[in-house]
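Working notes for the structure below.
Any read-out appearing in this document is the output of simple, stated calculations on the displayed coordinates, not a laboratory observation. Everything quoted here is computed from the prediction, not taken from an experiment. Because the Cβ atoms are built from the backbone with ideal geometry, glycine has one as well, and the counts that use them run over all protein chains shown.
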Amino acid sequence: MNTFSSHQDLPLELSKTEYKIDSKLVEMYSKSTKCNPFPLSEVSDEYKNTIPPTAILTLSLRDLVSKLELPHGTLHTGQEVEFINPVNLNSVLTCTTTLLQNTVRKSIRVLMIKLSVEDENKVPILTGKTTLFTSL
């Protein structure tokens, strides 16, 4: 999916991926970031199985990068993220990536991509935008 045309109709859905937030995934994230796998458990027992919001963002960006097959030298230049609702262990999430902007300036392609994550009940979890600069 690494071929982009400046003449595409936008917005354009790039991918839709479903994944389950299981204990193995949370443990792997926790080890790689050296953080508490359930940081909100210290706030209240109500949140004892709530995973770090940044873990959801990491999964979304990993999905985006793996699907786009971006060329070497791609720069991630900006990001906006809104965490809307907490996610509990064993939730099933759907991440949708949508191309919002695709412009060319000199020898650089500028891509703005929207990330949307919702749970199995269609409750919004995260929304955001990321901007990438790639070579042509």
**OP:** Working from Cα positions, state the angle (0 to 90°, nearest 10) between the long axis of helix 23-33 and the longest principal axis of the chain.
**Re:** 70 degrees
**OP:** For the chain, find the longest principal axis of its Cα atoms and tell me its angle to the long axis of helix 53-68, 0 to 90°, nearest 10.
**Re:** 30 degrees
Original post:
Which option, (1) 8.1; (2) 8.8; (3) 11.9, is the value of mean projected area of the Cα convex hull in nm² that was calculated from these coordinates?
Top reply: (2)
Original post:
Tell me, which longest segment in the chain has none of the trypsin sites (Lys or Arg not before Pro) that fall in DSSP loops with at most 11 further Cβ atoms within 10 Å?
Top reply: 35-105
Subject >> DSSP-loop GluC sites (Glu not before Pro) across the range 39-86, with at most 14 other Cβ within 10 angstrom >> reply: Glu69
Original post:
³J(HN,Hα) across the range 97-102 via Karplus (A = 6.51, B = -1.76, C = 1.60, θ = phi - 60°), whole Hz, x for Gly/Pro?
Top reply: 10, 10, 6, 9, 9, 8
Original post:
Which distance in Å, rounded to a whole number, links the C-alpha centroids of the range 17-43 and the range 67-82?
Top reply: 23 Å
